[in-house]
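Each remark here refers to the structure printed beneath this line.
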Amino acid sequence: MGLYLNNSIRQCGRCAMGSCYHTIEIQAPMKKVWATVSDFHNMHWAPEVVSSLAKLGGKNNHQVGAKRVLNDDIHETLTGFDAKNHSFSYIIDHGPGPLAKPLLQSYNANVTLTASEHGTTVEWASSFQSANDEEVAEFCNPIYIALLTALKNSLEQAELPAL
């Protein structure tokens, strides 16, 4: 299974909401994928995408309310963590360009893992409301694609047997 992309604007009452959806299958055990992707304060597996990650505040990497700053510019807060169901959620508090306040009124993202025939399926979805939902999607889609690709490459290379 390759990388799947869905980018849409959907109607929500009186407001339009943007969304992004990406999924990828990783040929690695779910336990290993979860241990890697669920650490909110560690994205070492994506050095091409995340050049710096700063932990803010006193919450640990799995506590709701944990905060981080990616690449000195994207401020995020962990809003949900469910180890049993292999999912977590976060919001973007502030960021560059279309992620800047007051342009971005809300941004909610969810990462969910499920077991698959050949390993683990990772879904990364977000919904948002902003001054320009299309600009937010255009900004975030390449980042999510790069993150999922880096996660897959990192974990699948780790699974290769030594020669």
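The values are calculated or read from the model by the stated rules, or taken from the named source; none is laboratory data. Please read these numbers as outputs of a predicted model, since none were measured by experiment. All Cβ positions, glycine included, derive from the backbone under ideal geometry; neighbour counts span all protein chains shown. For the accessible areas, the whole protein counts, side chains as well, though only heavy atoms, and no ligand, DNA or RNA atoms are used. Shrake-Rupley method; radii C 1.70, N 1.55, O 1.52, S 1.80 Å.
So here's what we get for this one:
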quantity: Flag if Asn85 is open to solvent by 60 Å² or more (accessible area, probe 1.4 Å) and in contact (Cβ under 8 Å) with a residue 12 or more places away in the chain; calculated: yes
quantity: Output for the range 35-51, where each listed residue is under 16 Å from Leu78 (Cα atoms), open to solvent by 30 Å² or more (accessible area, probe 1.4 Å) and touching a Leu at 6+ places or on another chain (Cβ under 8 Å); calculated: His41, Asn42
quantity: Of the criteria (1) over 15 Å from the mean Cα position of the chain (by Cα); (2) of a type outside the set (Gly, Ala, Ser); (3) surrounded by fewer than 19 Cβ atoms within 10 Å (Cβ to Cβ), which one Asp133 fails; calculated: (3)
quantity: Selection from the range 103-161 of residues that are within 20 Å of Glu48 (Cα to Cα), touching a Pro at 6+ places or on another chain (Cβ under 8 Å) and assigned to a strand (DSSP E or B); calculated: none
quantity: Selection status of Ser130, in contact (Cβ under 8 Å) with a residue 24 or more places away in the chain, closer than 24 Å to His86 by Cα and small (Gly, Ala, Ser); calculated: no
quantity: Hits in the range 90-99 (condition: open to solvent by less than 20 Å² (accessible area, probe 1.4 Å) and either of a type in the set (A, V, I, L, M, F, W, C) or closer than 15 Å to Val122 by Cα (or both)); calculated: Ile92, Leu99
quantity: In the range 140-158, residue modelled with the highest pLDDT [restricted to those that are surrounded by fewer than 16 Cβ atoms within 10 Å (Cβ to Cβ) and over 15 Å from Val37 (Cβ atoms)]; calculated: Pro142
quantity: Pairs with Cβ under 7 Å, 6+ apart, first in the range 19-37 and closer than 16 Å to Thr149 by Cα, second among the charged types (D, E, K, R); calculated: Thr23/Glu123; Ile24/Lys152; Ile26/Lys152; Ile26/Glu156; Gln27/Glu156; Gln27/Glu159; Ala28/Glu156; Ala28/Glu159
quantity: So Tyr107, is it buried (at least 20 other Cβ atoms within 10 Å of the Cβ), free of Cβ contacts under 8 Å to residues at least 40 places away in the same chain and aromatic (Phe, Trp, Tyr); calculated: yes
quantity: Selected residue (only one of Glu117, Glu123 is surrounded by fewer than 20 Cβ atoms within 10 Å (Cβ to Cβ) and more than 15 Å from the chain's Cα centre (by Cα)); calculated: Glu117
quantity: Unmet requirement for Thr149, which otherwise passes all of (1) out of contact with any Gly (no Cβ under 7 Å at 6 or more places or on another chain); (2) free of Cβ contacts under 8 Å to residues at least 40 places away in the same chain; calculated: (2)
quantity: Pairs where the first residue, in the range 113-127, is on the phi > 0 side of the Ramachandran plot and the second is part of a strand (DSSP E or B) and open to solvent by less than 20 Å² (accessible area, probe 1.4 Å), C-beta under 9 Å, 6+ apart; calculated: Gly119/Ile26
quantity: Total residues in the range 52-80, condition open to solvent by less than 40 Å² (accessible area, probe 1.4 Å) and in a strand (DSSP E or B); calculated: 8
